[in-house]
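Inspection log for the structure reproduced underneath, given as structure tokens.
The values are calculated or read from the model by the stated rules, or taken from the named source; none is laboratory data. The structure displayed is predicted, hence computed values, not measured ones. A quick note on method: Cβ atoms are made from the backbone with ideal geometry, for glycine too, and the neighbour counts reach across all protein chains shown.
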Amino acid sequence: MSLKDQALNARDASVERCPIPEWEPDGGQPFYIRSMSGKHRDELEVILDQPSTSPLRRNIRAKVAAWSLCDADGNLVFAESDVAALGERSAVVLDRLLLAAQRKSALTLPAIEEVGKNLGAALSGDSGLSSPGI
């Protein structure tokens, strides 16, 4: 096998179990998360470099989930065409997946870190947001 074939056929994406209780009914198949491909990570970095009002930043959590959620063999579960539907799922679940993808792909992008800080504050009850009447 040539070095080229060796590199292009390597199973180099790290995969680990990613429990999503909301999506795994009793006896349901488990989800896994894998490190993002270089292509997807580059795309994410370009998106996050855009102003927060950029349309490219819409559905970013769903995009990251689609680029990271996989089966036990590392095969992605979702296609680009599934991103809009995935974006309709729970923001809480998508936030957890974003943080898991950040860790799994060694992302240190400030915009992703900011999401993590906001999520941590929200989970601790110190989000700085108030919801009168709720």
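Does Glu88 satisfy the condition of being at pLDDT below 95 and either out of contact with any Cys (no Cβ under 9 Å at 6 or more places or on another chain) or part of a loop (DSSP other than H, G, I, E, B) (or both)? Spell out the reasoning first.
Numbers: at pLDDT below 95: no; either out of contact with any Cys (no Cβ under 9 Å at 6 or more places or on another chain) or part of a loop (DSSP other than H, G, I, E, B) (or both): yes.
No, not satisfied.
Just to check your reading of the model, which residue among Pro30, Pro25 is within 18 Å of the chain's Cα centre (by Cα), part of a loop (DSSP other than H, G, I, E, B) and more than 18 Å from Lys63 (Cα to Cα)?
Pro30
Based on what the data block shows, is Ser14 hydroxyl-bearing (Ser, Thr, Tyr), touching a strand residue (DSSP E or B) at 6+ places or on another chain (Cβ under 8 Å) and at pLDDT below 95? Give the derivation first.
Values: hydroxyl-bearing (Ser, Thr, Tyr): yes; touching a strand residue (DSSP E or B) at 6+ places or on another chain (Cβ under 8 Å): yes; at pLDDT below 95: yes.
For Ser14, the condition - hydroxyl-bearing (Ser, Thr, Tyr), touching a strand residue (DSSP E or B) at 6+ places or on another chain (Cβ under 8 Å) and at pLDDT below 95 - is met.
How many of the residues in segment 49-71 are touching a helix residue (DSSP H, G or I) at 6+ places or on another chain (Cβ under 9 Å) and either surrounded by fewer than 19 Cβ atoms within 10 Å (Cβ to Cβ) or more than 18 Å from Thr108 (Cα to Cα) (or both)?
Final tally of qualifying residues: 11.
Considering segment 61-85 alone, what residues qualify as being in a helix (DSSP H, G or I) and aliphatic (A, V, I, L, M)?
The answer is Ala62, Val64, Ala65, Ala66, Val83, Ala84, Ala85.
Quick check on Phe31: is it touching a strand residue (DSSP E or B) at 6+ places or on another chain (Cβ under 7 Å) and modelled with pLDDT under 95?
yes
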